[in-house]
Amino acid sequence: MTSPAPVVLVFLDPAFPDGRLADASQPQLMATDQGATRGDGVFESMLAVGGAVRKLQAHLDRLAGSAQALDLVIPAQDAWRAAIAAGVAEHRTQHPAPSPAEDELVVKLVVTRGPEGAESPTCWVQVSPVGALGRRQRETGIDVILLDRGYDSDAAERAPWLLLGAKTLSYATNMAALRYAHKQGADDVIFTSSDGRVLEGPTSTVLLAHLETSDDGAGATRTVRRLITPQLDSGILPGTSQGALFAAAKAAGWELGYGPLEPRDLLDADAVWLISSIRLLAPVNHIDGKEVGTPAVQKQLTAELNALFAGIQ
């Protein structure tokens, strides 16, 4: 039987400036906590490499935006930073990585509305190792299927109470989609809207690329690399990894674009990826059983984007 991954918990508590370290092997949450009974809360997941948390400010800003969407008043960012630092340091002390290459940790920030009748939310930082599956999918790529999410691309603007742009704890639908994909022999999902637009993955952002050669008008040719993601106003979660990679790619001379995208655009691309903070860039090999792009070009572009992504802090 596989032993559970080691976890460190740090609760944000005004009485503890650096957070209150808690025993992850013991009960910590009230049975009436609305995060457990209703999925009423928000979260963020970040990657720490060598003890340094990547894109920390972007994640804290998105956590604040999600909390605001749910009318949750959360601790200041300095309190989160202190608890994150304490949790990462404690995990690395208690459970040193086997090697520098494996010194990767998942840092999860969680906010719930707290127990029924509570005046303040329950907030904690959870630190654990990165799973082997995510590492493997970075290397080998993934097969995905397209699934209808069941609402159109204007739903977020028309019905803000659906919280489509917030990272909430209500992930039952996303997890059900992944289980359905696994039953079909696929690794992951790309959601589409009911009006045929490409949206996002259950835990990731969609990226696609085109590699084009053009004449510069002086008899020479130049290669244009174009990176595209779905429109952010279509009810998808703004990806911190996508945003950071776009900034790095622009500085490196890539052209950038934002949808609208349809399924055929994915199949016409030279490469497609699902990108997220923990798994990073996962190349998409097949969509609904159809090969995506050209393997050699996908490998080349993946290497170039991984090199850019490695420099992001």
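The values are calculated or read from the model by the stated rules, or taken from the named source; none is laboratory data. Quantities reported herein were computed from a predicted structural model and do not represent experimental measurements. Glycine gets a Cβ as well: all are built from the backbone with ideal geometry, and neighbour counts include every protein chain shown. The accessibility values were calculated without ligands, DNA or RNA, using every heavy atom of the protein model including side chains. Shrake-Rupley method; radii C 1.70, N 1.55, O 1.52, S 1.80 Å.
Things to note:
Per-residue answers, yes or no, for (1) outside any strand (DSSP E or B); (2) more than 15 Å from the chain's Cα centre (by Cα); (3) surrounded by 19 or more Cβ atoms within 10 Å (Cβ to Cβ):
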{"position": "29", "(1), (2), (3)": "yes, yes, no"}
{"position": "66", "(1), (2), (3)": "yes, no, yes"}
{"position": "86", "(1), (2), (3)": "yes, yes, yes"}
{"position": "97", "(1), (2), (3)": "yes, yes, no"}
{"position": "110", "(1), (2), (3)": "no, no, yes"}
{"position": "117", "(1), (2), (3)": "yes, yes, no"}
{"position": "124", "(1), (2), (3)": "no, yes, yes"}
{"position": "135", "(1), (2), (3)": "yes, no, no"}
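- Restricting region 160-175 to residues that are aliphatic (A, V, I, L, M) and at pLDDT below 90, the residue that is least open to solvent (accessible area, probe 1.4 Å) is 166.
- Scanning region 258-313 for residues that are basic (Lys, Arg) and more than 21 Å from the chain's Cα centre (by Cα), we see that the one that is surrounded by the most Cβ atoms within 10 Å (Cβ to Cβ) is 299.
- Residue within region 121-139 that is modelled with pLDDT under 95 and among the hydroxyl-bearing types (Ser, Thr, Tyr) present: no
- Region 26-45 residues that are farther than 24 Å from residue 58 by Cβ, paired with ones that are open to solvent by 80 Å² or more (accessible area, probe 1.4 Å) (beta carbon under 6 Å, 6 or more apart): 32/116
- Number of positions in region 144-180 that are in a loop (DSSP other than H, G, I, E, B), aliphatic (A, V, I, L, M) and more than 21 Å from residue 108 (Cβ to Cβ): 2
- Among the conditions (1) closer than 20 Å to residue 204 by Cα; (2) at pLDDT 95 or above, the only one that residue 87 does not satisfy is (1).
- Flag if residue 45 is outside any loop (DSSP other than H, G, I, E, B) and hydroxyl-bearing (Ser, Thr, Tyr): yes
- Of the strands (runs of 3 or more DSSP E) that lie entirely inside region 221-313, those containing 2 or more residues that are touching a residue at least 12 places away in the same chain (Cβ under 8 Å) and among the charged types (D, E, K, R) span 221-229.
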